[in-house]
Amino acid sequence: MAVKKDLSIEYLGVKCENPFFLSSSPVGGNYDMVAKAFETGWGGVFFKTIGVFVADECSPRFDQNDKSGYPWIGFKNMEQISDKPTEKNFEYIYKLKKDYPDKVVVSSVMGSSEEEWKALGKMADQAGADLSSQADPLRFAPR
C-alpha cells in the first residue's frame, strides 16, 4: 500500500497542494497543457508571460548545443512573451481557475509603460490569478 505524504506548502500567503509548478514557458502557455499537468498532480503554473502585444515569431523548438564540451539537447525558448492575444491568455487563466480552483495560477505579465503594467495587473486579478509576477523586474505580488 502506498503511503501518501502531505507535500502542501504556503507560498506568499497562497496555499499550494504541492511545490511542483510548471514554468512560464511554452508548456505553461495554454489551457490544454496546463489542464493536463493539473490532472496529473502538478500544484500550479507560472503562466507564460502575457503582454499587450502578440510577439511576431514565437515557436518552441529543440536545438542541439555544446556546453563545456558536452553536447546537450533542449528547448530554445527565445521569446519572453506569449504568442497569443492578451484576451485569450486571460481567458485561459479564468477557465483554469474555474475548472481547477484548488490549483495555483500565477500570471506573469510584462508591460512597456506604467499604464500597461496597471492594465495587465487588473486583467490578471479579474481573471482570478492567485498571484501576479512581473517579468521584469521579477517581483511577486499577492492578489
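Only the coordinates and a few stated rules stand behind these numbers; no lab work does. Computed from a predicted model, the values in this text were never measured in an experiment. Glycine also receives a Cβ, built like all others from the backbone with ideal geometry; neighbour counts cover every protein chain displayed.
Between residue 80 and residue 99, residue separation times 0.36 nm minus the direct Cα-Cα distance comes to 4.1 nm. If R0 is 22 Å, the Cβ-Cβ spacing of residue 20 and residue 113 corresponds to a FRET efficiency of close to 0.05. Label-to-label distance for residue 91 and residue 54 is 1.1 nm, based on points extended 7 Å past Cα in the beta-carbon direction.
Here residue 103 is the anchor, and the lysines within straight C-alpha reach of less than 22 Å, apart from those fewer than 8 places off in the same chain, are 4, 5, 15, 36, 48, 88, 95, 122.
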